[in-house]
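**Q** Below you'll find the structure I mean.
The values are calculated or read from the model by the stated rules, or taken from the named source; none is laboratory data. Everything numeric in this text was worked out from a predicted model, so none of it was measured. All Cβ positions, even for glycine, are placed from backbone atoms using ideal geometry, and neighbour counts span all protein chains on display. For accessibility, only protein heavy atoms count, side chains too; no ligands or nucleic acids. Shrake-Rupley method; radii C 1.70, N 1.55, O 1.52, S 1.80 Å.
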Amino acid sequence: MAGLLFVISGPSGVGKSTLRKEVMNRCSGLKYSVSCTTRPPRPGEVEGVDYYFVTPEAFEEMKERGEFIEWAKVHGNYYGTPRRPIEEWWREGFDVILEIDVQGALQVKKSCPEGIFIFIAPPSLRALEERLRKRNTDPEDEILLRMTNANLEMAHIKDYNYLVVNDDFEEAVQRLCAIIIAERCRIRER
Ligand code: 5GP
């Protein structure tokens with residue numbers, strides 16, 4: 001593996017995407033892996049930027065052809081990480097960031113144990129619920145499902161290498177950049 005693989009997880013609504021975008025503005029040499037999903041787009045989401053929005057049938061075919069390095073059913077929809085772009089970016093010398101759920105991260109950990117696993121946590125579950133409601137993009141039953149999953153996901157913090165609490169945004173960005181810089185400096189066995 002030429003490049004590094006940073007895997008970011010954390011409950012829905014914790015601010016992973018906003019943090020990741022800011023980290024990518026500040027740290028060069030990173031590529032974000034856009035996932036495929038069967039979930040319908042939210043207002044403002046762009047095909048090929050936020051996700052590749054695919055039908056359940058197309059997802060199933062990609063899965064059968066082994067095109068995903070991991071896939072999972074999250075909150076009732078399917079999500080998967082396409083393999084090919086990652087391999088190309090590594091060949092070109094980039095490091096890659098995945099933003100995936102805990103089930104997906106555990107699969108990647110098996111196939112790519114040298115990945116760097118980072119968990120983003122909210123300051124509290126109450127703060128997370130407030131955030132999800134403010135985002136105003138999901139119906140009530142969806143919010144409850146996301147809160148139940150948040151509890152389950154937090155139980156997996158121990159499976160990650162780093163924990164970043166997204167309380168103060170600027171501080172969280174700095175911590176993520178620090179992790180990336182430190183990992184790039186780390187001496188690895190060849
Ligand atoms: P959302 O629907 O809110 O965009 O994402 C729901 C959850 O699915 C988030 O935790 C997000 O990180 C996760 N997710 C997004 N893409 C993937 C993927 O390719 N694989 C897996 N396992 N989870 C993903």
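**Q** Name the residues of segment 133-153 whose amide N is less than 14 Å from a point 7 angstrom out from the Cα of residue 125 along the C-beta direction?
**A** Inside the label zone: 144-153.
**Q** Give me the percent of accessible area attributable to carbon and sulfur for the chain, probe 1.4 angstrom. Spell out each step's value before the answer.
**A** Numbers: 5380 of 10420 Å².
Of all accessible area on the chain, carbon and sulfur atoms account for 52 percent.
**Q** From the gyration tensor of the Cα coordinates in segment 1-147, what semi-axes in whole Å does the equivalent ellipsoid have, largest first, with each one equal to sqrt(5λ)? It would help to have the intermediate numbers written out before the result.
**A** Working: eigenvalues 120, 74, 41 Å².
Taking √(5λ) for each eigenvalue gives 25, 19, 14 Å, largest first.
**Q** Starting from the amide H of residue 51, placed 1.01 Å from N in the peptide plane, find each other amide H under 5 Å away whose residue is 5 or more places distant or on another chain.
**A** When sequence neighbours closer than 5 places are left aside, the close amide H contacts are 46.
**Q** Count the net charge of all other residues whose Cβ sits under 13 Å from the Cβ of residue 38, scoring Lys and Arg as +1 and Asp and Glu as -1. Walk me through the numbers on the way to the answer.
**A** Values: positive: 39, 63, 73; negative: 57, 60, 61.
Once positives and negatives cancel, what remains is 0.
**Q** Okay, next question. About its Cα centre, how strong a charge dipole does segment 22-169 have in debye, to the nearest 20, once Lys and Arg get +1 and Asp and Glu get -1 at the Cβ?
**A** 240
**Q** OK, next. Cβ under 13 Å from residue 60's Cβ, residue 60 left aside: what net charge do those residues give with Lys, Arg +1 and Asp, Glu -1?
**A** On the way: positive: 63, 65, 73; negative: 57, 61, 64, 67.
Cβ neighbours under 13 Å give a net charge of -1.
**Q** For the chain, list the DSSP H helices whose alpha carbon atoms reach 27 Å or more along the long axis and whose average Kyte-Doolittle value is -1.0 or above? Please report the intermediate quantities before stating the final value.
**A** On the way: long enough: none.
None clear 27 Å together with a mean of -1.0.
**Q** Per residue, how much accessible area does segment 5-185 show when a 1.4 Å probe rolls over the protein heavy atoms, in square angstrom?
**A** Details: 9400 Å² over 181 residues.
Per residue, segment 5-185 has an accessible area of 52 Å².
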